[in-house]
Each structure stands twice: as C-alpha cells, then as structure tokens.
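Q: Submitted below is the structure of interest, expressed as structure tokens.
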Amino acid sequence: MGDRDEPAPLGALIRAEIATAGPMRFDRYMALCNARYYATRDPLGRGGDFVTAPEMTQAFGELLGAWCVAVWQSLGRPDAVLLAEAGPGRGTLMADALRLADRVAPDFAAAARVHLIETSPVLRTAQDLRLRGRVAAWHDGIETLPEGPLLLLANEFLDALPVRQFLRTEHGWRERAVGVEGERLVWTTIPASDPPASGAAAERGDAALAWVAALAARLARQGGAALVIDYGHEGGAADTLQAVRGHAPADPLASPGEADLTAHVDFAAVAAAARAAGAAAHGPVPQGAFLRALGLPERTAVLCRAARSETAHQLQAAARRLMDADAMGLLFKAVAIAQPGLPTPPGFAA
Ligand code: SAH
C-alpha cells in the first residue's frame with residue numbers, strides 16, 4: 001500500500017465528530033471502527049487477529065458446498081441460481097464449496113452464479129485472487145444482488161455488524177455511547193431513543209436484524225435459502241462486545257479501527273426477524289451437531305487418508321475444535337432462513 005492512500009487516523013476523526021456533535025452512539029462507533037479495520041487489512045489467519053472455520057479446514061467449505069447442492073436440488077434444480085456469500089474473508093469457504101461442487105455436482109456448479117457481498121477493498125482483492133474467474137460481481141449489500149433464486153452463505157459475518165447497548169437507570173433507559181476526555185475516548189451514556197420493552201440491560205443487533213429481515217423478505221419473494229453461522233446465544237444478553245487484536249483481547253476504545261469489534265449474535269431474534277419478514281427459519285442448532293449431521297467426521301477421515309501425517313493431524317484437530325462442546329461446537333450456531341414450504345435443509349432435522 002502506498003502512503004498516497006494512507007487514511008487519516010480514525011481516532012482523530014471520531015474525536016472531531018464528538019467535539020461537534022456530542023457523544024457518539026456506540027453502534028455508530030462500532031460501524032466506523034469495523035469499516036476501517038476491514039478496509040485496511042486481511043485480519044484472518046495465524047499472522048492476523050483471528051482464525052475462522054474455513055481457514056482451519058477445507059472440509060468446512062466443502063460441507064457447506066454440499067449443503068448448497070442439496071438445497072438447489074430441493075428447489076427443483078433451477079438452471080440459474082445465485083450462489084452468494086456475505087463477508088467472504090479470503091474467499092476460502094467459497095473456493096472449497098466450488099471445488100466440491102465441480103467434482104460431485106457439475107450441473108449445480110454450471111448453474112451457480114457467484115456473487116460476493118463485501119465492503120473491504122483489501123478482502124475483495126484477496127477473494128478475486130482465490131476465486132479468479134468465478135465471481136460474477138461484488139456488492140456492498142444484498143439490495144443489489146440480481147433477481148432469482150438465491151443460496152447465501154454467511155460465516156462470522158453478522159457478528160461484525162454494529163450493536164446497541166441499553167442500560168436501565170433510576171432516570172429511565174440510557175444507551176451506551178463514546179465520549180472524549182482530553183485526547184482519550186471514554187464510555188458514556190445518552191438518553192435511549194427506542195429502548196427495549198423489558199429487562200435491566202440489553203444488547204440489540206439492530207443492523208444484523210435489519211439485514212436478516214431484508215434477506216428473509218427477498219427469499220420469501222424470490223425463493224432460495226440462506227445458511228448463517230456465527231457465535232451467539234438465544235435471547236437476552238447485556239454485553240457481549242469483544243475487541244480482538246493479534247489473537248488477544250483489546251480495549252475497544254484504545255485504538256479505533258485497529259482491533260476487530262464483534263458481538264454475539266442473538267439467534268432467537270434472528271429467527272424471529274426472518275419469520276416476521278415472511279420466511280421460514282430452521283434452528284438455531286449448535287455448530288457441533290450441525291457439522292456432525294453434515295458428515296464432518298467422515299469427510300475429515302477421507303481427507304486424512306490422502307494427507308501426510310502432519311496435515312492429517314491438523315485436519316483432525318480442526319474438526320474436533322469445530323465440533324467440541326467446550327471449543328466451538330456449542331457457542332457457534334447455525335440457522336437456515338428459507339422460502340416457505342422448502343423441505344427442511346440438511347443439518348436441521350429435529
Ligand atoms: N466469512 C469469512 C470472514 C469473516 S470476517 C470467514 O469465515 O473466514 C468478516 C467478513 O465480513 C470480512 O470479509 C469483512 O470484510 C466482511 N464485512 C464486515 N462488515 C461488513 C459489512 N458491513 N458489509 C459487508 N461485509 C462486511
């Protein structure tokens with residue numbers, strides 16, 4: 001990167017905005033931080049800030065590719081289907097999904113039009129390198145996806161969208177915001193404009209829920225299904241915000257735009273938002289159970305037979321980490337959002 005396009009420090013821009021407009025509502029702060037964070041780096045992998053499932057084992061993307069093939073079959077094998085991913089990172093998941101589809105379902109691979117929803121120019125370039133020739137277009141959001149039946153994948157995407165945090169005080173509901181003391185950013189509160197109906201404290205992913213509602217409305221209207229995987233809970237958390245930098249926890253206010261800010265996804269609210277927008281919601285189911293149902297142990301065993309022993313160890317360790325209850329197996333969850341009437345997608349049967 002040349003210094004020509006070196007951006008101004010985000011902290012200075014935020015302090016300037018607070019100086020003129022007053023304390024910044026936390027969700028705006030989180031949106032600004034993450035836009036800067038993802039626009040200026042590839043945060044994935046051992047040298048980055050965090051590691052995700054597709055970067056741990058190729059089996060993850062392959063199984064999600066197989067999931068797409070199965071849902072495409074239940075849609076009646078349309079000649080053209082949008083195969084979209086939201087927040088595709090390095091493009092690894094999509095590359096693994098397409099490689100599997102090419103091999104086991106070439107008619108699906110020929111029907112699939114790959115569209116990526118990604119705002120980071122750095123990651124768009126990484127995705128282009130990984131998927132060269134296969135990407136029909138990139139989008140900033142789902143609104144610009146072409147018409148037609150859609151299969152959409154989103155792994156660790158919703159957790160990056162901004163959340164609001166509400167606190168009930170003696171003087172009524174307040175909302176978390178960011179203020180300035182000297183040169184430092186500090187926590188403060190502002191009056192809450194549209195507080196939750198109950199409870200003493202609550203976190204609400206308004207941006208994620210609006211995104212899910214738009215996706216669900218589209219699926220109900222034009223057909224298809226989406227698979228959303230993330231870490232989260234089912235209802236009612238007060239503060240799940242975390243900042244991560246170099247694989248270690250960081251202070252969310254210390255260096256805006258330099259740490260990854262995420263919050264747990266409220267899967268009960270996601271499923272409710274999908275249903276309210278006219279789609280069916282399946283799950284959430286724990287990631288461990290979901291990946292076991294899709295055949296992660298078996299797929300891993302097949303890959304291990306063809307792998308050197310060191311790689312085989314890594315593949316086994318990754319599969320265990322993705323499925324184990326005390327690692328990612330329970331905290332991570334999968335939910336499917338589908339056009340009404342579609343058979344229950346793989347991995348969601350009761
Ligand atoms: N799914 C990938 C990457 C997860 S990181 C994986 O599992 O490895 C989050 C991804 O979402 C990154 O690609 C990031 O650039 C993208 N992203 C974050 N906020 C976004 C937004 N508001 N709109 C579109 N993409 C966003």
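The values are calculated or read from the model by the stated rules, or taken from the named source; none is laboratory data. Just so you know, these numbers come straight off a predicted model, no measurement behind them. Cβ atoms come from the backbone with ideal geometry, glycine included; neighbour counts cover every protein chain shown. Please note that ligands, DNA and RNA were not included when accessible areas were found on the heavy atoms of the full protein model with its side chains. Shrake-Rupley method; radii C 1.70, N 1.55, O 1.52, S 1.80 Å.
Q: Need one word for segment 244-339: rounded, prolate or oblate. Basis is the Cα gyration tensor (sqrt eigenvalues a ≥ b ≥ c); a/c below 1.5 gives rounded, then a/b vs b/c decides. Don't skip to the end; give the middle numbers.
A: On the way: a/c = 2.88, a/b = 1.16, b/c = 2.48.
Judged from the Cα gyration tensor, segment 244-339 comes out oblate (a/c at least 1.5, b/c at or above a/b).
Q: Kindly state, to the nearest 0.05, the FRET efficiency for Thr311 paired with Ala19, given R0 = 41 Å and r defined as their beta-carbon distance. The partial results should precede the final answer.
A: On the way: r = 54 Å, r/R0 = 1.31.
The value I calculate is 0.15.
Q: Under the classification rounded if a/c is under 1.5, otherwise prolate if a/b is larger than b/c and oblate if not, where does segment 140-273 fall, given a ≥ b ≥ c as square roots of the Cα gyration tensor eigenvalues?
A: On the way: a/c = 2.26, a/b = 1.55, b/c = 1.46.
Prolate, since a/c reaches 1.5 and a/b exceeds b/c.
Q: Next question, about the same structure. Sort 323-329, 151-157 by the packing proxy (mean of other Cβ within 10 Å over each peptide's residues), most packed first. Spell out each step's value before the answer.
A: Details: 323-329: 15.7, 151-157: 23.6.
Most protected by this proxy first, the peptides run 151-157, 323-329.
Q: Which one, Leu330, Leu129, Leu296, has the greatest fluctuation when you compute a Gaussian network model over the chain with C-alpha springs under 10 angstrom?
A: Greatest mean-square fluctuation among the candidates belongs to Leu129.
Q: What ranking do 336-345, 80-89 get when scored by the average of other Cβ atoms within 10 Å per residue, highest first? Intermediate results must be reported in sequence, preceding the final value.
A: Details: 336-345: 18.7, 80-89: 23.1.
Packing proxy ranking, top to bottom: 80-89, 336-345.
Q: What's the extension gain from Leu331 to Ala272 if we count 0.36 nm per residue and subtract their Cα-Cα distance?
A: On the way: separation 59, 0.36 × 59 = 21.24 nm, distance 1.95 nm.
Answer, rounded to one decimal: 19.3 nm.
Q: Under a point-charge model restricted to the Cβ atoms of Lys and Arg (+1) and Asp and Glu (-1), what is the dipole moment magnitude of the chain relative to its Cα centre, in debye to the nearest 20? Provide the component values of the computation, followed by the final result.
A: Working: 33 positive and 39 negative charges, 145 e Å.
The dipole magnitude comes to about 700 debye.
Q: What number comes out for accessible area per residue over segment 65-214 if the probe is 1.4 Å? Units Å², please. Intermediate results must be reported in sequence, preceding the final value.
A: On the way: 6460 Å² over 150 residues.
Result: 43 Å² of accessible area for each residue.
Q: Run through all the Cα pairs of the chain and give the fraction in each 10 Å bin from 0, expressed as whole percent.
A: That works out to 5, 24, 33, 24, 11, 3, 0, in percent per bin.
Q: Next up: Might you report the magnitude of the Cβ-based charge dipole of segment 1-105 about its Cα centre, with Lys and Arg at +1 and Asp and Glu at -1, to the nearest 20 debye?
A: Details: 11 positive and 13 negative charges, 35 e Å.
Roughly 160 debye, rounded to the nearest 20.
Q: Can you send over the carbon and sulfur percentage of the accessible area for the chain, probe radius 1.4 Å, protein chains only?
A: Numbers: 8170 of 15330 Å².
Its accessible area is 53 percent carbon and sulfur atoms.
Q: Kindly rank 116-125, 26-35 from highest to lowest mean number of other beta carbons found within 10 Å of each residue.
A: Top of the packing list down: 26-35, 116-125.
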